[in-house]
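Engineer: One structure, as structure tokens, below. Some questions next.
The values are calculated or read from the model by the stated rules, or taken from the named source; none is laboratory data. Model, not experiment: these values are computed from the prediction. Positions of Cβ are generated from backbone atoms using ideal geometry, with glycine treated the same way; all protein chains shown enter the neighbour counts. Accessible surface is based on the protein model in full, side chains and every heavy atom, while ligands, DNA and RNA are left aside. Shrake-Rupley method; radii C 1.70, N 1.55, O 1.52, S 1.80 Å.
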Amino acid sequence: MFSIGRPIVKSRQFCPNPVAKYGIPVYADSVVNPKVIGTNAWQQWWEEQLHYCINGYDAGGLWISGRYYYYLNFFNTSSIVGFGAEHPDYMDYQYEYFMLVEEAKKLGKNIVVPKGRRKGLSVMTACILDHGFRLLLTYKAGIAAGIKDYSDDFIDKWKFNNMHVAPELRTRLLSKNYDDIIAGWDEKNELTGEWEQKGTMNMIYSRTMHTDPQVFKGKFLNDVIFEESGEFDNLLETYRATKACLMWGDRQEGTMYIYGTGGNIKTGSKGFEQIWHHPDDYNALKYYVSGSKFYPPFLAGSKNKEGKVIEDIPNLLHYEPYQRVGMEDEVRANEVIKENKAALLKAGNLKDYWEYCKDYPGDIKEVFRVAASNYFPQEQLNNQAYKLESEELKYIPYRLEWIKTEKGEIVVPHQVRAIPMMPDEPEDEAVYILLNGHPQGRIRNLYVAGVDSYDQDKSDTSSS
């Protein structure tokens with residue numbers, strides 16, 4: 001599990017976002033004064049910024065990666081009041097995530113992230129793609145989702161920044177089709193009279209993998225985003241088909257970002273949980289974003305829509321204001337989350353309780369939980385399911401048959417024979433039994449089987 005030492009105590013000189021904080025100087029701001037374009041001062045300032053965006057920045061004693069510097073100073077997100085664009089504020093959680101990306105790039109690893117709702121991960125990852133698309137040479141990225149709405153939503157975040165990015169960072173696009181975003185332009189060759197494509201030809205592909213998990217096959221990709229992996233039925237198939245796209249020889253050069261939100265995890269989508277429990281099998285670093293991260297007002301300097309400070313950080317007040325920039329009071333956040341959970345549980349609405357647990361997970365198991373409002377002991381069932389998924393247990397598929405007489409009649413009292421299934425038999429008819437767990441002779445009533453009853457929240461006519 002990746003993490004850094006937190007909280008990070010800042011120095012008085014700490015300033016990770018000088019451009020966002022103080023603005024582009026007049027001599028380099030071509031929006032205010034287009035005449036600065038081409039001057040030495042303009043060129044030197046922008047070359048310096050590009051150096052920081054690629055190589056990183058010393059923010060008063062704390063090194064900021066180039067991708068995070070770009071995010072804080074040049075990437076645009078929609079504002080808290082719903083209109084206009086703004087640059088993100090620094091947060092320790094975001095710093096940690098961007099350092100995770102640096103670690104994955106250094107080691108040639110993938111990233112798997114279960115998370116609470118509204119943690120900004122898609123925005124940060126959209127910035128990572130935008131950074132490569134604008135600033136690196138021969139950059140290619142892919143966005144994959146099981147549902148098209150999720151890949152479209154990711155592209156919308158990229159498009160918003162593309163509309164507001166500084167002129168010096170803009171790039172022309174060869175295609176208006178956002179399924180294939182290509183950086184470049186058409187230019188007529190004065191000698192041959194033919195039109196030629198110019199530019200970096202960097203690309204961002206957006207695909208839905210619902211029917212074909214092999215659509216990236218044959219491409220080389222620097223980054224691949226698996227958006228809302230918990231609703232990605234073909235996640236493991238897509239991983240296997242895409243793995244070669246990240247390789248250079250026998251070394252992995254590209255990175256897969258595999259993340260999903262609590263509450264957006266279907267019972268049929270087991271791939272995401274499989275990768276989380278077995279990261280070494282998928283060359284992945286694990287990172288968990290609990291409900292207590294990025295949760296105003298438990299962030300130092302939290303403000304409401306009117307700009308009033310509303311921070312609730314009692315466990316950070318022993319730090320000076322300049323020291324706690326970007327800190328999160330996760331202790332206080334967890335206290336409030338537990339209070340809200342207790343109130344919902346006391347009210348008796350189990351489905352609302354479990355949905356809140358998935359939106360604001362404390363324990364990692366809550367991300368993968370299934371909510372239902374029947375009378376079964378849901379917490380015990382979810383905990384046991386998580387335990388079974390996380391352990392290295394080996395099962396054998398069996399086909400069950402009634403034992404019959406020579407005349408073909410079912411023996412009474414009924415008896416069942418368990419027959420190991422052949423590889424070509426349909427798995428949906430299988431019963432999985434733990435290795436060495438069956439059959440055991442001379443032992444009766446050892447096994448208990450269950451069937452799924454009505455979900456009471458889905459039936460108005462039955463309390464079965």
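Engineer: Given (1) at pLDDT below 80; (2) surrounded by 10 or more Cβ atoms within 10 Å (Cβ to Cβ); (3) over 30 Å from Lys286 (Cβ atoms), where does Glu401 come up short, assuming only one miss?
Structural biologist: (1)
Engineer: Pairs under 9 Å by beta carbon, first residue without any contact (Cβ under 8 Å) to a residue 60 or more places away in the chain and under 20 Å from Tyr70 (Cα atoms) in region 26-47, partner among the small types (Gly, Ala, Ser) and not in a helix (DSSP H, G or I), six or more apart or different chains?
Structural biologist: Correct list of pairs: Asp29/Gly23; Asp29/Ala166; Trp42/Ser30.
Engineer: Within region 223-234, is even one residue within 28 Å of Lys365 (Cβ to Cβ), polar (S, T, N, Q) and within 21 Å of the chain's Cα centre (by Cα)? Break it down stepwise before answering.
Structural biologist: Here is the first cut: in region 223-234, the residues within 28 Å of Lys365 (Cβ to Cβ) are 224-234.
Those still in the list that are polar (S, T, N, Q) too: 229, 234.
Subset that is within 21 Å of the chain's Cα centre (by Cα): 229, 234.
So far as region 223-234 goes, yes, one or more of its residues are within 28 Å of Lys365 (Cβ to Cβ), polar (S, T, N, Q) and within 21 Å of the chain's Cα centre (by Cα).
Engineer: Same structure again: Is it true that Glu311 is acidic (Asp, Glu), open to solvent by 30 Å² or more (accessible area, probe 1.4 Å), at pLDDT 85 or above and not in a helix (DSSP H, G or I)?
Structural biologist: Working: acidic (Asp, Glu): yes; open to solvent by 30 Å² or more (accessible area, probe 1.4 Å): yes; at pLDDT 85 or above: yes; not in a helix (DSSP H, G or I): yes.
So Glu311 passes the test.
Engineer: Out of region 401-425, which residues are within 17 Å of Arg444 (Cα to Cα) and under 52 Å from the mean Cα position of the chain (by Cα)?
Structural biologist: Listed by number, the residues that qualify are Trp402, Ile403, His414, Gln415, Val416, Arg417, Ala418.
Engineer: Now, a different point. Report whether or not Glu187 is surrounded by fewer than 22 Cβ atoms within 10 Å (Cβ to Cβ) and either under 14 Å from Glu228 (Cβ atoms) or in contact with an Asp or Glu (Cβ under 7 Å, 6 or more places away or on another chain) (or both). Please lay out each step first, then the result.
Structural biologist: Details: surrounded by fewer than 22 Cβ atoms within 10 Å (Cβ to Cβ): yes; either under 14 Å from Glu228 (Cβ atoms) or in contact with an Asp or Glu (Cβ under 7 Å, 6 or more places away or on another chain) (or both): yes.
So Glu187 passes the test.
Engineer: Hey, another quick one. I need the full set of residues from region 106-118 which are modelled with pLDDT of 95 or more and either under 16 Å from Tyr90 (Cα atoms) or in a loop (DSSP other than H, G, I, E, B) (or both), in order please.
Structural biologist: Gly108, Lys109
Engineer: Please indicate, with yes or no, whether at least one residue in region 240-256 is under 30 Å from Asn283 (Cβ atoms), of a type in the set (S, T, N, Q), open to solvent by 40 Å² or more (accessible area, probe 1.4 Å) and in contact with a strand residue (DSSP E or B) (Cβ under 9 Å, 6 or more places away or on another chain). Don't jump to the end; show me each part of the working.
Structural biologist: Pass one, region 240-256, residues under 30 Å from Asn283 (Cβ atoms): 240-256.
Checking which are of a type in the set (S, T, N, Q) leaves us with 242, 252, 255.
Filter again for open to solvent by 40 Å² or more (accessible area, probe 1.4 Å), leaving none.
No, every residue in region 240-256 fails to be under 30 Å from Asn283 (Cβ atoms), of a type in the set (S, T, N, Q), open to solvent by 40 Å² or more (accessible area, probe 1.4 Å) and in contact with a strand residue (DSSP E or B) (Cβ under 9 Å, 6 or more places away or on another chain).
Engineer: Return yes or no: is Tyr386 closer than 26 Å to Val112 by Cα, of a type in the set (Ser, Thr, Tyr) and modelled with pLDDT under 80? Talk me through it step by step, then tell me what you get.
Structural biologist: On the way: closer than 26 Å to Val112 by Cα: yes; of a type in the set (Ser, Thr, Tyr): yes; modelled with pLDDT under 80: yes.
Spelling it out, Tyr386 is indeed closer than 26 Å to Val112 by Cα, of a type in the set (Ser, Thr, Tyr) and modelled with pLDDT under 80.
Engineer: A further question on this structure: I'd like to know if region 242-257 contains one or more residues that are under 28 Å from Glu339 (Cα atoms), in contact with a helix residue (DSSP H, G or I) (Cβ under 9 Å, 6 or more places away or on another chain) and modelled with pLDDT of 90 or more. Even if it seems obvious, please write down each step before you answer.
Structural biologist: Here is the first cut: in region 242-257, the residues under 28 Å from Glu339 (Cα atoms) are none.
No, region 242-257 has no match at all.
Engineer: Given (1) outside any helix (DSSP H, G or I); (2) of a type outside the set (Gly, Ala, Ser); (3) within 22 Å of the chain's Cα centre (by Cα), identify the lone condition not met by Leu72.
Structural biologist: (1)
Engineer: For region 197-296, please list each of the strands (runs of 3 or more DSSP E) lying entirely inside it that holds at least 2 residues being touching a Lys or Arg at 6+ places or on another chain (Cβ under 8 Å).
Structural biologist: Details: elements: 203-208, 223-227, 255-261, 284-286.
Correct list: 203-208, 255-261, 284-286.
The rows are residues; the columns are (1) closer than 25 Å to Asp92 by Cα; (2) without any contact (Cβ under 8 Å) to a residue 12 or more places away in the chain; (3) among the basic types (Lys, Arg).
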residue: Ala241; (1), (2), (3): no, no, no
residue: Ala244; (1), (2), (3): no, no, no
residue: Ile275; (1), (2), (3): no, no, no
residue: Pro279; (1), (2), (3): yes, no, no
residue: Lys286; (1), (2), (3): yes, no, yes
residue: Val289; (1), (2), (3): yes, no, no
residue: Phe298; (1), (2), (3): yes, no, no
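Engineer: Same structure, new question: In region 111-143, how many residues are closer than 29 Å to Lys198 by Cβ, of a type in the set (A, V, I, L, M, F, W, C) and crowded, with 21+ Cβ neighbours inside 10 Å?
Structural biologist: 7
Engineer: When you check Lys270 against the structure, is it more than 24 Å from the chain's Cα centre (by Cα) and basic (Lys, Arg), yes or no?
Structural biologist: no
Engineer: Let me ask something else about it. Does Val412 satisfy the criteria of being of a type in the set (A, V, I, L, M) and surrounded by fewer than 11 Cβ atoms within 10 Å (Cβ to Cβ)?
Structural biologist: Working: of a type in the set (A, V, I, L, M): yes; surrounded by fewer than 11 Cβ atoms within 10 Å (Cβ to Cβ): yes.
In short, yes.
Engineer: Right, something else. Is one or more of the residues making up region 308-325 more than 30 Å from Leu72 (Cα to Cα) and among the charged types (D, E, K, R)? Reasoning before the result, please.
Structural biologist: So the first thing to find is which residues in region 308-325 are more than 30 Å from Leu72 (Cα to Cα), and the list is none.
There is no residue in region 308-325 that is more than 30 Å from Leu72 (Cα to Cα) and among the charged types (D, E, K, R).
Engineer: Can you give me the number of residues within region 366-383 that are modelled with pLDDT of 75 or more and touching a Phe, Trp or Tyr at 6+ places or on another chain (Cβ under 7 Å)?
Structural biologist: Number satisfying all stated conditions: 2.
Engineer: Moving on to the next point. Quick check: is even one residue across region 33-49 at pLDDT 95 or above, among the basic types (Lys, Arg) and under 27 Å from the mean Cα position of the chain (by Cα)?
Structural biologist: No.
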